[in-house]
1. For the chain, report the translational diffusion coefficient in µm²/s to the nearest whole number, using Stokes-Einstein at 20 °C, 1.002 mPa s, and a Kirkwood Rh over Cα pairs.
2. Between V191 and I284, what's the calculated FRET efficiency when r is the beta-carbon distance and R0 is 25 Å? Round to 0.05.
3. Going through segment 227-335, which GluC sites (Glu not before Pro) have at most 14 other Cβ atoms within 10 Å and a DSSP loop state?
4. Between R215 and S10, what's the calculated FRET efficiency when r is the beta-carbon distance and R0 is 45 Å? Round to 0.05.
5. Students often forget the sequence filter, so: which aspartates and glutamates lie under 12 Å Cα-Cα from K15 once same-chain residues fewer than 8 apart are removed?
6. Using a simple spin-label model with points 7 Å from Cα along the Cα→Cβ vector, what separation in nm is obtained for R98 and S169?
7. Sorted from fewest to most neighbouring beta carbons within 10 Å, what does the list S12, S338, S244, S104 look like?
8. Could you tell me the distance between the Cα centroids of segment 19-76 and segment 277-326, to the nearest Å?
Amino acid sequence: MNSELRTDNSMSLPKIGLTMGDPTGIGPEIIVKALSTEIPFQFCRPVVFGDRGALSKTAKTLDSNIFIEVTSQVPEAGYRPGRIFLLSVTRLDENSIRYGKPDSRCGEAMVRYIEEAVKGVRAGPLDAITTCPINKQAMNAAGYPFAGHTELLAHLAQTSSTAMMFVGSKWKIVLVTVHLPLREVAEKITVDRILATIRLTAEGLKKYFGVSGPRIAVLGLNPHCGEEGLLGKEEKTTILPALSEAKRTGIEVEGPFSADSFFDLSDSPPFDAVVAMYHDQGLIPIKMSEFQEAVNLTLGLPFIRTSVGHGTAYDIAGKGLADPTNLIKAMLLASKLSTLKKD
């Protein structure tokens, strides 16, 4: 009763839309586990965009007595641990959901949850959205030709320039390229693309984290930054020109730095953010040091979107082993940024 009174009186808490992600992954499980605890309700009012059948099946698997309340709109009050307010976007047969076996029907569902949440955050009922992991192949099989969440969100928001920032307690890592085969990375790294990422990073640090004069480090692409061209020329032909243009416009940026020796996990970084050239270059160090803590924040969108830093985890889906910690961290970041935006 005390927790219900506290949350009902906290009408100023931001409303966060949670998208369920892949019904056959761990998204439903981490939502049920997270919203069974008091922690999220201390800083936000969460509402789920998902499927009643998938959540009910998960609750049964976990032997959870959580109450799933289907609603047609985002409620103002009544948020409390053990109750899920659900906008049931799809009607999946819970008996047909096979953990770790997504199909095009699941791909369609994943996209619909995101579409409806984006409508909610753009129209006003929601202050931000936090997304659970999806399956890109299933999404593509359903007819949505996007490389991932970020690209789909950019399409829905009709924005041409976005970037993924992984936010940890120590590092903020931003990626120039994201979901690309390594053999394609070098040709996709252009002066304009690097410059756009640096600008989004600087703007994001100012807008979301209150850093008035951000210092940004940029990593090289090749081993030892190319060894004066012996191991690659992208540093000279592409990265340095982008840094020069960024400096000319007043951004404090340094580099390129050799990625193999840049990350000192034992000391505080002298930079506010790091721009990495490709996916694993930036994400390996932050996930090694802060796997449970690091949260994905999309820069360049006209709304706040955070996401878990992990995938669908099919190997443990449906087994009751998924840890909701990272989802709670993602919701917390979305809430903090929403509050800063209002202020």
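What follows is calculated from the coordinates using simple rules that are stated; it is not laboratory data. Values in this document were obtained by computation on a predicted structure and should not be read as measured data. Note that we place each Cβ from the backbone using ideal geometry, even for glycine, and neighbour counts take in every protein chain shown.
1. For the chosen part, D equals 103 µm²/s.
2. My answer for the efficiency is 0.45.
3. Of the GluC sites (Glu not before Pro), the ones in loops of segment 227-335 whose Cβ has at most 14 other Cβ atoms within 10 Å are E227, E228.
4. Once the sixth-power term is evaluated, E becomes 0.80.
5. E76, D127
6. Each label point is offset 7 Å from its Cα along the Cβ direction, giving 4.2 nm.
7. If I rank by nearby Cβ atoms, fewest first, I get S12, S244, S104, S338.
8. 19
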